[in-house]
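Accompanying notes for the structure given below.
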Amino acid sequence: MTSTQPTEATTPVLRNDFQRSIADYWDREKDPVNIRLGEVDGIYHHHYGIGDYSPAVLEVPESERDSAVIAEMHRLETAQAELLLDHLGPLTAADRVMDAGSGRGGTSFMTNARFGCQVDGVTISESQVEFANGQAAQRKVDDRVRFHFRNMLDTGFPSGSMRAIWSNETTMYVDLAPLFAEFARLLAPGARYVCITGCYNDLTGGRSRAVSQIDQHYICNIHSRSDYFRAMADHGLVPIAVTDLTAATIPYWELREKSSVATGIEQAFLTSYREGSFQYLLIVADRVAA
Ligand code: SAH
């Protein structure tokens, strides 16, 4: 490491009132849709699922139906993370990777379990950092998987130190230009960036009513599809694969709408996906040296 590579973030973690409100939301968040699903096997996700659900879960006797539906939703959320991992590249135990907006840490633990690599998760929620580091200790991987109260716009990690970075439903909380500038700085040449995100569809125009409802619900700012590719191109992140997961995520929302852990935002997701104003994308890019 040279003296030009910062080891600590240079600005306060929370930069403005908008970020403080997001941190506050995640610090307080105890939604059963996240907690009860995580309790199924100890892998806590804060993202959505993909793939068809088994209709049999809706036929389970009433006394056990709720648990069966929850386990099925959790299976679909884990399938989403597995798909992300499939695109992270041929990682080894010698590699270091970053989870940008790490939540309660689910995807980080899955990545370490699959590849043995060192994982640094960053989140602006101190309670998430505490929870996820507790999980790392319980799982006895705290020497390899660490969570930090840091801003993904300014992580303070050394330049070129990451072999892969992913953002799983986190990019709608920040402006893409400074985000991808930071990712480009952190990624070694040839390293991988994987993004799963909802974005609004340029073809249908600006934000639809349903997309605006999602923004309001999560205090976020959903970007357009074209915003992603423009900002990636501007920062040496060259897409190698783009998968439209919209059709694959609709069954998850249909099941969630019927579940006991629905939060009230389900209809906005279903409407926007079905009308085509919102899309769920997997974007895989390589860091090309300038
Ligand atoms: N990727 C996780 C969590 C997604 S929820 C998962 O798939 O389970 C969104 C996460 O983004 C929260 O953890 C929130 O704290 C984080 N986040 C939002 N803005 C951030 C920022 N500027 N820097 C770091 N994390 C941020």
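So how much slack lies between Ser127 and Ile219, counting 0.36 nm per residue of separation and subtracting their Cα-Cα distance, in nm? Don't skip to the end; give the middle numbers.
Values: separation 92, 0.36 × 92 = 33.12 nm, distance 1.82 nm.
31.3 nm is the gain from fully extending Ser127 to Ile219.
Which of the trypsin sites (Lys or Arg not before Pro) found in region 17-58 are loop residues per DSSP with 13 or fewer other Cβ atoms within 10 Å of their Cβ? Qualifying residues, ordered by number: Lys30.
Counting each DSSP H run of 4 or more residues in the chain as -39500 (n - 2.57), what helix-only mean residue ellipticity at 222 nm follows after dividing by all residues, to the nearest 500 deg cm²/dmol? Walk me through the intermediate numbers first.
On the way: 10 runs with 121 residues, N = 290.
It comes out at -13000 deg cm²/dmol, rounded to the nearest 500.
In a fully extended conformation the segment linking Asp202 and Gln138 would gain 18.6 nm over its present Cα-Cα distance, using 0.36 nm per residue.
Rounded to the nearest 5, what is the percent of antiparallel bridges among the DSSP beta bridges in the chain? Beta bridges within the chain, antiparallel portion: roughly 45 percent.
Just the projected area, averaged over all directions, of the convex hull on the alpha carbon atoms of region 17-287: how many nm²? Numbers along the way, then the final one.
On the way: hull surface 54.1 nm².
Computing the convex hull of the Cα atoms and averaging its projections yields 13.5 nm².
Shown in residue order for region 39-53 are the 3J(HN,Hα) couplings computed by the Karplus curve 6.51 cos²θ - 1.76 cosθ + 1.60 at θ = phi - 60°: 5, 4, 9, x, 9, 9, 10, 10, 8, 9, x, 9, x, 6, 8 Hz (x for Gly and Pro).
Close amide H partners of Ala191, meaning residues 5 or more places away or on another chain with modelled amide H under 5 Å apart, are Arg287. Under 5 Å from the amide H of Arg150 lie the amide H atoms of Thr123, each residue being 5 or more positions distant or on a separate chain, with H modelled from the backbone and absent for Pro and chain starts.
Per-atom-type breakdown for region 51-126 gives carbon and sulfur 52% of the accessible area (1.4 Å probe, protein chains only). Overall, the chain carries a charge dipole of about 620 debye about its Cα centre when +1 sits on the Cβ of Lys and Arg and -1 on the Cβ of Asp and Glu, all other atoms neutral. Modelled label positions at Glu39 and Val288, each set 7 Å beyond Cα in the direction of Cβ, lie 4.9 nm from each other. Each Lys and Arg Cβ is given +1 and each Asp and Glu Cβ -1; about its Cα centre, region 210-290 then shows a dipole of about 80 debye.
The label-point distance for Glu62 and Arg20, in a model that sets each label 7 Å from Cα toward Cβ, rounds to 4.9 nm. Here's how it looks for Val145: its modeled amide H is under 5 Å from those of Val119, which are all 5 or more places away or on a different chain. For region 58-119 versus region 167-211, the inter-centroid distance based on Cα atoms is 20 Å. Ligands, DNA and RNA left out, the accessible area of region 137-290 computed with a 1.4 Å probe is 51% carbon and sulfur.
The longest part of the chain holding none of the exposed loop GluC sites (Glu not before Pro), meaning those outside H, G, I, E and B in DSSP with at most 11 other Cβ atoms within 10 Å, is 60-290. Per residue, region 17-287 exposes 39 Å² of solvent-accessible protein surface, assessed with a 1.4 angstrom probe and all protein chains in place.
The values are calculated or read from the model by the stated rules, or taken from the named source; none is laboratory data. Note that the structure is a prediction, hence the values are computed from the model and not measured. Note: ideal-geometry Cβ built from the backbone for every residue, glycine included; neighbour counts use all protein chains shown. Please note that ligands, DNA and RNA were not included when accessible areas were found on the heavy atoms of the full protein model with its side chains. Shrake-Rupley method; radii C 1.70, N 1.55, O 1.52, S 1.80 Å.
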